[in-house]
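Taking it in order: structure first as structure tokens, then the write-up.
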Protein chains: 2
Amino acid sequence: MASAARLRFAAHVRQLRKAASWSQEELGEHAGIHRTYIGAMERGEANVTLDHLQRIADALKVDVAELLRAGE
Amino acid sequence: MASAARLRFAAHVRQLRKAASWSQEELGEHAGIHRTYIGAMERGEANVTLDHLQRIADALKVDVAELLRAGE
């Protein structure tokens with residue numbers, strides 16, 4: 001089963017990417033990550049590392065801790 | 001170079017582990033992670049995954065987002 005951390009991360013990435021009006025491919029280009037891996041992240045399938053979390057946060061211009069914040 | 005996320009995580013794990021008066025070995029036992037890997041995490045050498053972040057957060061009884069929070 002995917003950890004709670006994966007599910008939070010997945011939901012934040014999808015929401016922030018859509019707020020930026022980016023496709024998965026566009027986010028991938030900004031973060032230097034392949035679009036298929038962005039898809040796996042957003043489905044909670046990828047067990048993402050800290051360095052990739054940082055790249056996603058930088059691309060989306062948010063603090064990295066925001067990507068794991070509990071939902072309201 | 002270690003990402004900012006690694007350095008934040010490293011500092012939080014060390015601080016919370018010491019606050020619990022646990023050795024690296026004791027934290028490892030609670031989290032189901034080898035003590036040498038706990039050491040690598042605390043030195044910012046390990047590119048830790050989301051599932052391991054969750055296990056560390058659960059062992060230290062904090063929310064996973066706390067482990068990436070910016071320092072004051």
_Answer from B:GLY28, B:GLY39, B:GLY32 - the residue that is within 14 Å of chain A (Cβ to nearest Cβ) and under 16 Å from B:ARG55 (Cα atoms)_ = B:GLY32
*List, please: which pairs have Cβ atoms under 7 Å, are six or more places apart or on different chains, and start with a residue in the stretch A:37-55 that is under 21 Å from B:LEU67 (Cα atoms) and end with one that is among the acidic types (Asp, Glu) and modelled with pLDDT of 95 or more?*
A:ASN47/B:ASP51
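Could you list, in sequence order, all residues of the stretch B:47-72 that are small (Gly, Ala, Ser) and touching a His at 6+ places or on another chain (Cβ under 8 Å)? Even if it seems obvious, please write down each step before you answer.
We begin by selecting, within the stretch B:47-72, every residue small (Gly, Ala, Ser); these are B:57, B:59, B:65, B:70-71.
Selection gives B:ALA59 alone.
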*Complete set of residues in the stretch A:1-39 that are of a type in the set (Ser, Thr, Tyr) and at pLDDT 95 or above*: A:SER21, A:SER23, A:THR36, A:TYR37
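The values are calculated or read from the model by the stated rules, or taken from the named source; none is laboratory data. Just so it is clear, the structure is predicted and the values come from calculations on it, not from any experiment. All Cβ positions, even for glycine, are placed from backbone atoms using ideal geometry, and neighbour counts span all protein chains on display.
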